[in-house]
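What follows is one structure encoded as structure tokens, with my remarks underneath.
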Amino acid sequence: MAHHSISLALLSILGAIIPGPASAQEKPVVGLIPKAQKPLKMDGKLTDWDGAFVTPVHVGHPDFANRGGQFLYLWDEKYLYIGLKCLDQKMAHVGKDNELYNGDAVEFYLDVRRGEDLGAAPFGPGTLHMFYTAFTNTEVKPRMKIRDLPAFKDFTLQGAEVAAVKTPWGYTAEFKLPWRNFLRPESNFLNFNPNIGEIIGIDCELCSSDGGPRVDRTFVYSGPAAVGSPSAFGRVQLVDKIEANALKPLGRALLPLSLAKSANYAWLYGTVCVSPTIEGSVAKLEGKLLDSGGKVRRTATGSKKTLDGGFTLWTGSWEMFDLVSGIYTLELVATDKAGAVITSRSEKMIHGNPALTK
């Protein structure tokens with residue numbers, strides 16, 4: 001049976017039908033960063049990241065066992081912490097020090113500007129785009145570098161650290177960034193004091209190689225637009241700890257979804273990597289396919305499996321051959337054992353050729 005991913009052309013059509021996102025200043029919070037409850041050891045092992053907010057990436061990649069990743073987030077009064085768990089069978093970074101994106105690496109994006117300046121289009125004081133990798137060639141020998149932009153020419157990164165370890169299924173890494181980098185008057189960055197409730201802009205891009213140059217990249221909240229402007233970054237909130245009600249609108253980050261449609265016989269296939277933030281509480285993950293009138297046409301409870309490294313994948317499918325052409329909505333809902341909604345998300349798609357039904 002032939003399959004293909006939902007095309008960019010269809011997404012473009014949907015973009016003309018479905019309203020786009022709000023303006024930069026109206027962007028919603030799409031993720032959380034909980035406060036670390038104890039000092040982190042920074043040994044690369046991720047063993048003391050209890051309570052972190054976790055966002056899986058590369059969901060739906062055909063080589064997920066060699067690409068899948070999870071970014072973890074914590075903060076305290078001194079540091080912002082970013083963890084990474086990565087499935088990787090060929091760990092390496094053979095790129096030069098001035099090309100740290102070009103291998104197994106992370107591109108990190110941050111915007112701590114205040115008020116209406118948060119999410120402003122140009123990079124400038126209060127923003128950061130940098131690269132770090134756990135490797136030099138095939139050794140665990142971390143490197144980091146700030147992007148070469150005029151906005152950062154007078155900025156020297158101080159006190160940042162990267163630690164990593166190899167595992168049987170890939171590697172884990174920890175990165176910490178001192179907030180004081182945004183408190184030094186000589187840096188010309190706007191003063192930023194981390195507090196519960198603060199909202200910042202952020203993104204993490206996982207770069208993957210197979211022992212050579214970069215062959216894959218994936219983003220948590222945005223996409224390549226983040227390279228051009230902080231306005232593309234996701235908005236996340238610093239919190240004391242994760243509260244259940246706060247997770248309900250964060251389904252895009254907690255239930256990252258890949259959809260594919262068969263080309264010869266109309267089936268829709270979905271894959272979700274359930275975030276460890278909620279995985280232990282999810283008793284049921286159900287996907288309902290609704291027509292344009294909101295009527296449920298197909299329902300799937302799917303099945304799940306756990307890969308090495310603690311990656312839980314849920315898969316579901318919906319037969320569509322006898323459904324009329326039109327715009328459909330897939331609603332995914334994760335519930336606990338009491339039936340309460342933990343989080344949810346919905347995605348619209350085109351089935352068949354709606355123009356022929358008019």
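The values are calculated or read from the model by the stated rules, or taken from the named source; none is laboratory data. Since this is a predicted model, take the numbers as computed values, not measurements. So basically every Cβ, Gly included, is an ideal-geometry build from the backbone, and we count neighbours across all protein chains shown.
Below are the figures for this structure:
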read-out: Candidates 69, 95, 83, filtered to the one that is of a type outside the set (A, V, I, L, M), buried (at least 17 other Cβ atoms within 10 Å of the Cβ), outside the structural domain of residue 263 (by TED's automatic domain parsing) and modelled with pLDDT under 95; value: 95
read-out: Count - residues of the stretch 155-174 that are at pLDDT below 95 and either within 15 Å of residue 106 (Cα to Cα) or among the charged types (D, E, K, R) (or both); value: 0
read-out: Answer residue from the stretch 201-248, given it is of a type in the set (Ser, Thr, Tyr) and over 17 Å from the mean Cα position of the chain (by Cα) and is farthest from residue 144 (Cα to Cα) among those; value: 229
read-out: Residue satisfying all of: in the stretch 223-243; outside any helix (DSSP H, G or I) and free of Cβ contacts under 8 Å to residues at least 60 places away in the same chain; nearest to residue 285 (Cα to Cα) among these; value: 243
read-out: Residue 229 being surrounded by fewer than 20 Cβ atoms within 10 Å (Cβ to Cβ), in the same structural domain as residue 287 (by TED's automatic domain parsing) and either out of contact with any helix residue (DSSP H, G or I) (no Cβ under 7 Å at 6 or more places or on another chain) or among the hydrophobic types (A, V, I, L, M, F, W, C) (or both); value: no
read-out: Those residues of the stretch 278-299 which are surrounded by 17 or more Cβ atoms within 10 Å (Cβ to Cβ) and either at pLDDT below 95 or touching a Gly at 6+ places or on another chain (Cβ under 8 Å) (or both), in sequence order; value: 285, 287
read-out: Criterion: surrounded by fewer than 18 Cβ atoms within 10 Å (Cβ to Cβ) and farther than 21 Å from residue 227 by Cβ - qualifying residue of 172, 136; value: 136
read-out: Some residue of the stretch 199-220 being surrounded by 21 or more Cβ atoms within 10 Å (Cβ to Cβ), part of a loop (DSSP other than H, G, I, E, B) and either out of contact with any helix residue (DSSP H, G or I) (no Cβ under 7 Å at 6 or more places or on another chain) or not aromatic (Phe, Trp, Tyr) (or both); value: yes
read-out: All positions within the stretch 269-301 that are over 30 Å from residue 50 (Cα atoms) and touching a Ser or Thr at 6+ places or on another chain (Cβ under 7 Å); value: 269, 288, 290, 300
read-out: Output for the stretch 137-151, where each listed residue is more than 23 Å from residue 309 (Cβ to Cβ) and within 25 Å of the chain's Cα centre (by Cα); value: 143, 144, 145, 146, 147, 148, 149
read-out: Entirely in the stretch 112-182, the strands (runs of 3 or more DSSP E) that have 1 or more residues that are small (Gly, Ala, Ser); value: 127-136, 161-167, 170-178
read-out: Residue list for the stretch 300-323, restricted to those being surrounded by 14 or more Cβ atoms within 10 Å (Cβ to Cβ) and without any contact (Cβ under 8 Å) to a residue 40 or more places away in the chain; value: 300, 302, 304, 312
